[in-house]
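Accompanying notes for the structure given below.
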Amino acid sequence: MRQRFAFFVFILLFSVCFFLMMYYGEKTFFVKKTAKSEAKKQAYHFVLIPEETDNEYWRIIEKGAREAAEKYNVYLEYLGPKRANMGEHVRILDKEIAGKVDGIMTQGISEDHFTPLINKAMDRGISVVTVDADAPYSRREVYVGTDNYAAGFLAGQALLEDTEGKQVVGIVTGRFDASHQRLRVQGFRDAVEKEKRIEIAGIKESGISKTGAVQATYDLLKEHPDITAFYGTSALDGLGIARVISTMRPNSDPYIITFDTLPENMDLLRDGKIDAIVVQHPYEMGYRAVEMLVELKKGNHPERLQYTQSHILRQRDLDQFLKENKGLFGDEDDPD
């Protein structure tokens with residue numbers, strides 16, 4: 001009797017487990033099937049893989065890419081590490097290559113990490129466009145973004161134009177291992193190297209975070225208390241620099257130039273807490289990157305280097321800049 005009861009309980013539990021497995025398995029299958037079906041309804045399936053997804057600058061790139069994707073009937077995914085992480089970035093890129101998408105847009109941050117994967121994607125028939133940071137020694141088909149060396153050179157020229165007398169400069173850079181950051185530093189160095197009044201005291205890494213930029217600025221001032229100017233090469237560096245100056249040296253007025261027109265950076269520019277911004281055009285990068293992938297999938301051969309503009313923005317030009325770029329900045333259209 002006990003054996004029959006035990007057998008009955010076993011059959012009942014097995015049936016319940018089987019039902020749950022089939023039900024939830026089918027549900028999971030249905031979701032995946034729906035996503036694939038959605039992609040198949042559109043002309044191409046592209047993926048945009050940023051350095052970090054939770055970043056206002058990359059949200060603007062995404063906005064441009066999505067509007068182009070809508071125009072060209074493209075299914076677009078936006079995938080990447082929430083915060084800058086080389087290992088995670090590479091893992092996601094490799095996973096999307098295995099997924100056999102039609103095209104990939106990504107940064108070429110490190111030659112050692114990205115060139116092999118970009119070449120792997122090309123071997124599998126996946127078109128690759130680099131955005132914001134190039135991988136020139138890979139087989140990527142197009143680069144869309146700033147000429148980063150030229151942008152750094154512009155920053156150096158701005159420092160020379162806006163200052164007088166001896167300047168001791170501290171550089172805060174996003175990542176030492178990022179090719180576009182190194183180019184921005186080198187361009188700056190080359191612009192000021194012949195000016196004897198300019199001395200570059202040191203350079204620190206921020207890790208592309210506000211807290212990292214704060215620490216880098218603090219360390220620079222601790223090691224070189226005579227610093228009179230700062231150059232930040234990534235979007236969040238200016239925020240960290242300005243924060244440290246306002247707390248550690250509120251009565252000083254160092255010259256500060258940084259990258260990117262994030263809302264907070266423009267507020268600091270308006271308040272006179274930073275002096276100049278190197279403007280990039282992330283919306284255009286995203287939009288043109290999708291356009292280039294569409295052209296490639298059609299069998300066309302666009303120019304391999306698609307440089308977007310960069311220029312210097314100062315306080316006196318801010319209102320006109322915001323007027324000309326209405327819809328990309330401000331509360332109602334904040335990319336976050």
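The values are calculated or read from the model by the stated rules, or taken from the named source; none is laboratory data. Keep in mind the model is a prediction, meaning the values are calculated, not measured. Note that we place each Cβ from the backbone using ideal geometry, even for glycine, and neighbour counts take in every protein chain shown. Side chains included, ligands, DNA and RNA excluded: accessible areas come from the protein's heavy atoms. Shrake-Rupley method; radii C 1.70, N 1.55, O 1.52, S 1.80 Å.
The residue list THR173, THR247, THR211 contains one member that is within 27 Å of HIS113 (Cα to Cα) and open to solvent by 60 Å² or more (accessible area, probe 1.4 Å), which is THR211.
From the list LEU269, LEU293, which residue is surrounded by 23 or more Cβ atoms within 10 Å (Cβ to Cβ), among the aliphatic types (A, V, I, L, M) and within 19 Å of the chain's Cα centre (by Cα)?
On the way: LEU269 fails: within 19 Å of the chain's Cα centre (by Cα).
The unique qualifying residue is LEU293.
Number of residues in segment 42-58 that are open to solvent by 10 Å² or more (accessible area, probe 1.4 Å), assigned to a helix (DSSP H, G or I) and either in contact with a Phe, Trp or Tyr (Cβ under 6 Å, 6 or more places away or on another chain) or closer than 22 Å to VAL90 by Cβ (or both): the value is 1. Every listed requirement among (1) assigned to a loop (DSSP other than H, G, I, E, B); (2) open to solvent by less than 10 Å² (accessible area, probe 1.4 Å) is met by TYR143 save one, (1).
Name the residues in segment 149-167 that are open to solvent by 10 Å² or more (accessible area, probe 1.4 Å) and either assigned to a loop (DSSP other than H, G, I, E, B) or in contact with an Asp or Glu (Cβ under 9 Å, 6 or more places away or on another chain) (or both), would you?
Keep residues of segment 149-167 that are open to solvent by 10 Å² or more (accessible area, probe 1.4 Å), which gives 149-150, 153-154, 157, 160-167.
Within segment 149-167, TYR149, PHE153, LEU160, ASP162, THR163, GLU164, GLY165, LYS166, GLN167 meet the criteria.
As a summary of the residue check, HIS180 satisfies the conditions (1) farther than 19 Å from ALA151 by Cβ; (2) outside any strand (DSSP E or B) except for the one numbered (1).
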